[in-house]
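Undergrad: Before I ask anything, let me first share the structure, which is written out below as structure tokens.
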């Protein structure tokens with residue numbers, strides 16, 4: 001009799017746990033914003049950290065060791081956040097301002113890197129947007145970040161003419177930009193980013209790696225800040 005009575009007491013918490021887990025998983029797969037209440041936030045982050053695979057091989061797939069990449073923060077920071085983006089992705093658009101606020105608050109404690117993952121099945125011209133962004137990056141980090149903000153301010157208008165007009169708007173050298181785009185100078189770099197992303201398990205955008213801990217989906221400010229702080233707390237100063 002006791003065993004029969006205890007079954008519902010066991011099943012109810014289990015059903016609640018699986019429902020919460022499935023809801024969280026569905027948000028990630030759809031690319032929707034991941035926003036958790038405090039208890040779920042702590043549980044989910046603890047699980048991510050406990051299960052993190054931060055081997056050298058995994059880090060090599062996500063953190064570039066050569067070439068020019070968009071960066072914010074401190075090169076020698078104890079925490080490196082890598083984001084794989086598609087400049088025409090609405091969820092990346094939603095995350096762009098979150099990243100900017102977090103980096104302004106974190107300062108030199110974090111290094112942030114952008115890598116390309118244009119999803120041409122959804123956004124056929126996304127690789128052209130990535131190419132344009134890389135061509136602007138070749139003119140400097142500061143001007144790239146202006147272009148980054150302009151691109152994500154209007155993801156619907158990114159035809160070749162739009163991309164050039166936006167480069168002109170932020171003060172890029174148009175002759176250098178035109179030459180870079182016409183020569184498709186950074187397509188191999190973009191393809192290399194895509195391959196590294198696929199090997200690291202990236203399935204959609206945005207996908208973040210926080211010292212090798214992968215989190216997929218548009219993360220809200222509270223969740224990403226907490227994850228970064230947990231990782232910082234676990235690394236000796």
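Undergrad: Take the residues of the range 103-119 that are at pLDDT 95 or above and touching a helix residue (DSSP H, G or I) at 6+ places or on another chain (Cβ under 7 Å): which is surrounded by the fewest Cβ atoms within 10 Å (Cβ to Cβ)?
TA: My answer is 119.
Undergrad: Looking only at the range 218-237, which residues are assigned to a loop (DSSP other than H, G, I, E, B) and at pLDDT below 90?
TA: Within the range 218-237, 235, 236, 237 meet the criteria.
Undergrad: So is residue 199 under 30 Å from residue 57 (Cα atoms) and in contact with a helix residue (DSSP H, G or I) (Cβ under 8 Å, 6 or more places away or on another chain) or not?
TA: It is true that residue 199 is under 30 Å from residue 57 (Cα atoms) and in contact with a helix residue (DSSP H, G or I) (Cβ under 8 Å, 6 or more places away or on another chain).
Undergrad: Kindly evaluate residue 154 against the criterion of being farther than 21 Å from residue 68 by Cβ, surrounded by fewer than 14 Cβ atoms within 10 Å (Cβ to Cβ) and touching a helix residue (DSSP H, G or I) at 6+ places or on another chain (Cβ under 9 Å).
TA: Criteria met by residue 154.
Undergrad: Among the residues of the range 194-221, which ones are over 21 Å from residue 78 (Cβ atoms) and buried (at least 16 other Cβ atoms within 10 Å of the Cβ)?
TA: 194, 196, 197, 202, 204, 205, 206, 207, 216, 217, 218, 220, listed by residue number.
Undergrad: Inside the range 191-202, can you point out the residues that are more than 15 Å from residue 64 (Cβ to Cβ) and either at pLDDT 90 or above or out of contact with any strand residue (DSSP E or B) (no Cβ under 9 Å at 6 or more places or on another chain) (or both)?
TA: Result: 198, single match.
Undergrad: Which condition breaks for residue 142 when tested against (1) in a helix (DSSP H, G or I); (2) out of contact with any strand residue (DSSP E or B) (no Cβ under 6 Å at 6 or more places or on another chain); (3) touching a residue at least 24 places away in the same chain (Cβ under 8 Å)?
TA: Status for residue 142: all satisfied but (3).
Undergrad: Here are 124, 118: which of them is part of a loop (DSSP other than H, G, I, E, B) and under 20 Å from residue 81 (Cα atoms)?
TA: After ruling out the rest, the residue left standing is 118.
Undergrad: Where residues in the range 41-94 are part of a loop (DSSP other than H, G, I, E, B) and at pLDDT below 85, which of them is farthest from residue 146 (Cα to Cα)?
TA: Only one residue fits best here, namely 51.
Undergrad: Which condition breaks for residue 166 when tested against (1) crowded, with 20+ Cβ neighbours inside 10 Å; (2) in contact with a strand residue (DSSP E or B) (Cβ under 8 Å, 6 or more places away or on another chain)?
TA: Result: residue 166 fails condition (2) only.
The values are calculated or read from the model by the stated rules, or taken from the named source; none is laboratory data. From a predicted model like this one, the values you see are computed outputs, not experimental measurements. All Cβ positions, glycine included, derive from the backbone under ideal geometry; neighbour counts span all protein chains shown.
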